[in-house]
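Everything on this sheet refers to the single structure shown next.
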Amino acid sequence: MKPRDLLTRAGRLRGAAGPVRHGAGRVLRHRWTRRVGVGVKVGLVSVVGAMLGVMLFAQAAINVGPFGAEMSIRPSLTGGTEVDIPPLGSLHLDSHRGPLHLKVALGSLDQSRTEALIDNPSAITSAGDRAVDEVVDGVSRLGLRTLGIAVLSALICAALIFRDVRRTAAAGVTALVVTAGSFGVAAGTLRPDAISEPRYEGLLVNAPAVVGDARRIADNYGRYAEQLQAILGNVSRVYSTISSLPVYEPAGNTTRLLHVSDLHLNPASWGLIRTVVETFEIDAVIDTGDIVDWGSSAEVGYVASIPSIQVPYIWVRGNHDSTSIQAAVGAQRNAVVLDNALTTVDGLTIAGIGDPQFTPDKSETNEAGDDAAPELLTRAGERLATTIRDSGKKVDIALVHDPAMAQPLSGVVPLVLAGHRHQREVSVLPAPETPEPDPSASATPAPLQSTPAPPLMTTRLMIEGSTGGAGLRGLEPEEPTPLSLSVLYFDENNELKAYDDIQLGGTGQSNVEMQRNVVGLGEETTPTPTPSLSR
């Protein structure tokens, strides 16, 4: 074929393809096709913008009785509800279907609302009745907030991308319809009985307490409410009772210390401590550990009440206290944390060391088991004894948490304060073993006159009970754990002269007792006739 013919045929083919391309272009430029494309873009921008806003800002804080909680909504394919209970774990409920997931994170006790319940014990019943209404109100407010955030986020994203009023408005309407439809799906598939079939995630040891006992607690709510009313009534009665207790009449230069221990997250302890500090004109408070239960970050807020004591607060770490709790205590303006260190208060030199173990899952007896490494406790006591000797100072009091740490301090200090056992005990530590004489030294003739060796120092060990009634675990035994604390009196020579043991009855009991004990020359005398008070 000639070149001219090839060019002619190619031109005809191009001419035939032109109308095809022109027709396709007309289809693409058709107004309905363009509208569909714009609609897809608007819908995509609207949904993405709404999801971003919900993920970042759809959360609200609510109050449920004395507790604080944070509720949030997140996009999800399966729906459901998650209840986070730090540090125990979380419960997952198949409460609803749909594209929204509800999360409730329980916080710590609010001090002011808890003290309001203590001041008005009758409010506990109404607080239980209001709890459901408070949760429903919180979910409703969160839903409205989520709806507004979704629409606003979609509007902002569309305005930045399209820069067109109509398309921006369409994105807002789309977000409103999608979000409202999601709430409608969740409401339509709601399963109120899902709370009886929770799925637990967390430590296996906590599963029965979080899941297994939930139904039993609900079934026996009336009995628990009566018990709680009783213990709240006890705390309110202690204020008037302590005011009438006979106070030891020391000299003007006497130093008064208040020994507390094992608060275990009981909010009622702070009011009791403040009352004793004010009534007995306490110069400083000594806390021998276990201020919280689990050592978790959720419990950090509990120690924020230390400044309300308004006197120096000297503290050593217990086996339930983590290093984060120790840091939180040390951050309080009037707190002094002793961890193999010394401090001085009103002329008294005090040394202390933290518990070397962190075992928050121990039972309420806190007995050391085979895996508790008792040698760790002994070595910690030896470290403190070495620190005291190397300081070159006369130390008046040593602080430890576990009494098993106290024996190496015998003969080093006159008084050791401890806690841990949730039971008040006072004893004298066995004297340290003296080294056997070297047989080879017997051949050396004795000097004509020798200086008698100074008498060994007698060391008294005072173990405090639980100032928090062992927290919630105080409700477990048949005999409730009392709230215990002691006032110590030191003279101008920094010697212990007397101490008052104060005890507030636990749940179901309404008695307050104080026992006066006078210390003689290294020996306790018969207690003075101060009767135990009961009201």
### Query
So who's got an amide H within less than 5 Å of the one on residue 481, skipping anything under 5 residues away but keeping other chains? H placed 1.01 Å off N, in plane.
507
### Query
Taking the Cα-to-Cβ direction at residue 33 and at residue 169 and moving 7 Å from each Cα, how far apart do the two end points lie in nm?
2.8
## Note on the structure
Here the net charge surrounding residue 414, from other residues whose Cβ is less than 10 Å away from its Cβ (Lys, Arg +1; Asp, Glu -1), is 0
### Summary
Expressed in angstrom and rounded, the centroid-to-centroid distance over alpha carbons for segment 374-393 and segment 402-416 is 9
### Message
Taking the solvent-accessible surface of protein heavy atoms with a 1.4 Å probe, what is the per residue accessible area of segment 286-420 in Å²?
### Response
36
### Message
Under the rule of at least 5 residues apart or a separate chain, name every residue whose amide H is placed under 5 Å from the amide H of residue 415.
### Response
398, 460
### Summary
Each label sits 7 Å from Cα toward the beta-carbon; between residue 375 and residue 44 the label points are separated, in nm, by 6.8
### Query
For residue 492 and residue 185, what is the calculated FRET efficiency with R₀ set at 60 Å and r taken between the beta-carbons, to the nearest 0.05?
0.20
### Task
Provide the gained length on full extension for the span residue 382 to residue 135, in nm with one decimal, where the gain is 0.36 nm per separating residue minus the Cα-Cα distance.
83.6 nm
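Pulled fully out, how much extra length does the chain show between residue 394 and residue 344, if you take 0.36 nm times their separation in residues and subtract their Cα-Cα distance?
Details: separation 50, 0.36 × 50 = 18.00 nm, distance 1.10 nm.
Full-extension gain reported as 16.9 nm.
The values are calculated or read from the model by the stated rules, or taken from the named source; none is laboratory data. Keep in mind that this is a model prediction, so the values were computed, not measured. Positions of Cβ are backbone-derived with ideal geometry, glycine not excepted, and every protein chain shown enters the neighbour counts. With ligands, DNA and RNA removed, areas are computed over all heavy atoms of the protein, side chains included. Shrake-Rupley method; radii C 1.70, N 1.55, O 1.52, S 1.80 Å.
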